[in-house]
């Protein structure tokens, strides 16, 4: 018996043991799979009625399916309530035009992330809080079908020989999938949604991510061609901030973006997006971030933007920043600006080149001008907690100085973190460089808390 079949049987057995109790109505609600027969029959009937060979748009399907379902219910739906019929039709439409049970979650504007842990457990992040959804898949095969629907148009694959994949939806939302034998709970799917409209710096100020003063400073840093590194943990908003900062790049510059799965949404016209490629079924043909960084330097870029630096590509990125490619932007995982420096050192060593630690630190100190620390706080809010300048070397140590920080002052009655953004009172070392680009930093920005 295959692993997938055993997992399906286990999931169904476990699900039969669980019945949710609705306290408001005082009655037991049947497990999801016991409600499925009518949906399965309707789905088969619709598929038989439709001309599968025709190129039918999703909009057309949404128009014709209710009519087909009405004919089906004339014979099969005598004991069904109107609500049950509507629910069955909705599930069929979601199955054929969307991504099955998670379609409504992806369409919910308040949901920022969808996490599928096997067929019967789906969580969402809603307004910064993680909640369990009532939506469920039929079984493991159903989850696999949805994953295949996502990755197939991108030329990517997922199977036992390649059980992990990074992909994206049409709107740019980031997708990660992992299946058995690596995932023991069944196929798992994580989708980080992108907002329908591109966020701007005013939106982030409104969300409380940073202050207006910090925003104007970052605007000047990007236009003044400083090399900026965005640091933060998973889900802290690094890519969103990278998108927003890219808005400050002048429209007449040529931009090369490099990502594992393309998700950056730049507003400029002259943008070339590059995306990595996984190895084929024979294990050949892989194109890594490092390969793309090297190639991008031959493409006459004014700016190089790297979605995330994870490995040996850090060495090529630092060399590019140190050889005339100013104004580059990148992100990486770290909890503090100092941790980001240490991670960069480690990633350079992963390139396999025997460099002395002093030489690596000299490269970092000469390449990176600014580190922006983005954090997801306990209440789910995302804030820039540090804007830190890389000053240079002092002996064997890279010298950092905080320019702006977020100071937490407490929590309100609703559990929301209270605090304020403050200047540390230090005038940036990069001020002279920015002035050469005609960007003047008002002295009142750096007067400290007073």
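The values are calculated or read from the model by the stated rules, or taken from the named source; none is laboratory data. These figures come from a predicted structure and were not determined experimentally. Cβ: placed from backbone, ideal geometry, glycine included. Neighbour counts: every protein chain shown.
What residue, among those in region 312-347 that are touching a residue at least 40 places away in the same chain (Cβ under 8 Å) and assigned to a loop (DSSP other than H, G, I, E, B), is farthest from residue 391 (Cα to Cα)?
Across region 312-347, the extreme among qualifying residues is 312.
Can you confirm whether residue 404 is under 29 Å from residue 110 (Cβ atoms), in contact (Cβ under 8 Å) with a residue 24 or more places away in the chain, assigned to a strand (DSSP E or B) and touching a helix residue (DSSP H, G or I) at 6+ places or on another chain (Cβ under 8 Å)?
no
When region 87-124 is examined, which residues are found to be assigned to a strand (DSSP E or B) and free of Cβ contacts under 8 Å to residues at least 60 places away in the same chain?
The answer is 122, 123, 124.
Please work out which one of (1) surrounded by fewer than 18 Cβ atoms within 10 Å (Cβ to Cβ); (2) part of a helix (DSSP H, G or I); (3) at pLDDT 80 or above; (4) out of contact with any helix residue (DSSP H, G or I) (no Cβ under 7 Å at 6 or more places or on another chain) is the condition residue 131 fails and give its number.
Answer for residue 131: the failing condition is (2).
Residues are listed down the side, and each one gets a yes or a no for (1) out of contact with any strand residue (DSSP E or B) (no Cβ under 7 Å at 6 or more places or on another chain); (2) modelled with pLDDT under 90; (3) within 26 Å of residue 402 (Cβ to Cβ):
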{"residue": "300", "(1), (2), (3)": "yes, no, no"}
{"residue": "304", "(1), (2), (3)": "no, no, no"}
{"residue": "312", "(1), (2), (3)": "yes, no, no"}
{"residue": "328", "(1), (2), (3)": "no, no, yes"}
{"residue": "331", "(1), (2), (3)": "no, no, yes"}
{"residue": "334", "(1), (2), (3)": "no, no, yes"}
{"residue": "356", "(1), (2), (3)": "yes, no, no"}
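Select from region 183-204 the residues that are assigned to a helix (DSSP H, G or I) and loosely packed, with under 15 Cβ neighbours inside 10 Å and write down the one among them that is nearest to the chain's Cα centre (by Cα).
In the first step, residues of region 183-204 are kept if they are assigned to a helix (DSSP H, G or I); the result is 201-204.
Then keep just the ones that are loosely packed, with under 15 Cβ neighbours inside 10 Å; that gives 202-203.
Values: 202: 21, 203: 18 Å.
So the residue we want is 203.
Write out, first by first residue and then by second, each pair whose Cβ atoms fall under 6 Å of each other, whose residues are 6+ apart or on separate chains, and whose first residue, in region 57-86, is at pLDDT below 75 while the second is surrounded by 10 or more Cβ atoms within 10 Å (Cβ to Cβ).
The qualifying pairs are 58/97; 77/85.
Being at pLDDT 90 or above, within 19 Å of the chain's Cα centre (by Cα) and closer than 20 Å to residue 306 by Cα is true for just one of 252, 247, 227. Which residue is that? Spell out how you get there, then give the answer.
On the way: 252 fails: within 19 Å of the chain's Cα centre (by Cα); 227 fails: within 19 Å of the chain's Cα centre (by Cα).
Being at pLDDT 90 or above, within 19 Å of the chain's Cα centre (by Cα) and closer than 20 Å to residue 306 by Cα holds for just one of 252, 247, 227, which is 247.
What pairs come out if I take residues in region 289-303 that are on the phi > 0 side of the Ramachandran plot and pair them with residues that are surrounded by fewer than 17 Cβ atoms within 10 Å (Cβ to Cβ) and in a loop (DSSP other than H, G, I, E, B) whose C-beta lies under 8 Å away, six or more apart or interchain?
300/254
Would a scan of region 263-274 turn up a residue that is in contact (Cβ under 8 Å) with a residue 40 or more places away in the chain, out of contact with any helix residue (DSSP H, G or I) (no Cβ under 8 Å at 6 or more places or on another chain) and assigned to a strand (DSSP E or B)?
no
Of the residues that sit in region 161-182 and are over 13 Å from the mean Cα position of the chain (by Cα), free of Cβ contacts under 8 Å to residues at least 40 places away in the same chain and assigned to a loop (DSSP other than H, G, I, E, B), which one is surrounded by the most Cβ atoms within 10 Å (Cβ to Cβ)?
179
Looking at region 159-180 only, could you name the residues that are at pLDDT 90 or above and out of contact with any helix residue (DSSP H, G or I) (no Cβ under 6 Å at 6 or more places or on another chain)?
163, 164, 176, 178, 179
Would you confirm, using the coordinates I've provided, whether residue 407 is modelled with pLDDT of 90 or more and either over 20 Å from residue 330 (Cα atoms) or crowded, with 19+ Cβ neighbours inside 10 Å (or both)?
Yes; evaluated as a whole, the condition is true for this residue.
Which of (1) closer than 17 Å to residue 237 by Cβ; (2) assigned to a loop (DSSP other than H, G, I, E, B); (3) in contact (Cβ under 8 Å) with a residue 40 or more places away in the chain is the odd one out, the single condition residue 374 does not satisfy?
Residue 374 satisfies all of (1) closer than 17 Å to residue 237 by Cβ; (2) assigned to a loop (DSSP other than H, G, I, E, B); (3) in contact (Cβ under 8 Å) with a residue 40 or more places away in the chain except (2).
Quick one: in region 311-329, of everything that is surrounded by fewer than 18 Cβ atoms within 10 Å (Cβ to Cβ) and touching a helix residue (DSSP H, G or I) at 6+ places or on another chain (Cβ under 8 Å), which residue is farthest from residue 221 (Cα to Cα)?
311
Name every residue in region 296-324 that is more than 14 Å from residue 364 (Cα to Cα) and more than 24 Å from the chain's Cα centre (by Cα), in order of residue number.
Within region 296-324, 297, 298, 299, 300, 301, 302, 324 meet the criteria.
Residue 254 is checked against (1) buried (at least 18 other Cβ atoms within 10 Å of the Cβ); (2) within 15 Å of residue 300 (Cβ to Cβ) and fails just one. What number does that condition carry?
So the condition that residue 254 fails would be (1).
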